[in-house]
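Report on the following structure.
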Amino acid sequence: MKLPLTILLATAGAVALSAAVPREQAPVNANAETYIQVAQDAAALRSEGQPLYAKECGGCHGANGQGGDGPKLAGNDFVKAAGAVISQILVGMTEHGMPPFADVLNDRQIAAITTYVTATWGQVTAATTPDMVRTMRGGAAGGM
Ligand code: HEC
């Protein structure tokens, strides 16, 4: 699942860019490679996030984000803001029944879950990177 999607995206990106860019402009190729790398990583993070979400979050928020013990995430404006989702995962909301995951999940796992959740239910196209989680960990929940 992960590999074919990645290849598909890379191929689509390469085709779109080679069609749009005249061949003589060699320096643009570096941008094309960066673009493809970013698209590949976004796709990889999103597909890594799906099973992690199912395992860590789906029990309370529903496999399809429909809600349960926790609020629904599908159609919830909260999941349009990656920073808010990262913070919620790190710190939780213990008094309302959501545990903190700062000591349970690493930066990449939280980035993957956030990418999956914001892309699936928040129509967010940009991936959440492990660097973003690392930065917020420093401010929101101390080091790991
Ligand atoms: C044990 C149940 C439980 C688990 C597991 C859990 N949550 Fe929650 N979650 C809650 C509850 C309850 C709330 C509501 C907290 C509140 O009232 O502020 C919540 C709130 C949220 C919110 C804010 C929604 C809103 O409208 O305020 C987000 C986003 C969220 N959770 C994402 C996640 C993600 C992602 C995971 C997995 C890493 C996760 N949750 C795991 C119970 C859970």
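GLU48: surrounded by 15 or more Cβ atoms within 10 Å (Cβ to Cβ), among the charged types (D, E, K, R) and either part of a helix (DSSP H, G or I) or within 11 Å of the ligand (Cβ to nearest atom) (or both), yes or no?
Answer is yes for this residue.
Working carefully through the options GLY97, GLY70, GLY59, GLY122, find the one that is in contact with a Gly (Cβ under 9 Å, 6 or more places away or on another chain), buried (at least 16 other Cβ atoms within 10 Å of the Cβ) and either modelled with pLDDT under 95 or of a type outside the set (Asp, Glu) (or both).
Only one candidate qualifies: GLY70.
Tell me the residue from GLN66, GLN109, GLN88 that is more than 11 Å from the ligand (Cβ to nearest atom) and among the polar types (S, T, N, Q), please.
Matching residue, one of GLN66, GLN109, GLN88: GLN66.
Could you pull out the residue among GLU95, GLU56 that is without any contact (Cβ under 8 Å) to a residue 40 or more places away in the chain and of a type outside the set (S, T, N, Q)?
Checking each option against the conditions leaves just GLU95.
The values are calculated or read from the model by the stated rules, or taken from the named source; none is laboratory data. All values derive from a computational prediction rather than experimental measurement. Heads up, the Cβs are rebuilt from the backbone with ideal geometry, glycines too, and the neighbour counts pull from every protein chain shown.
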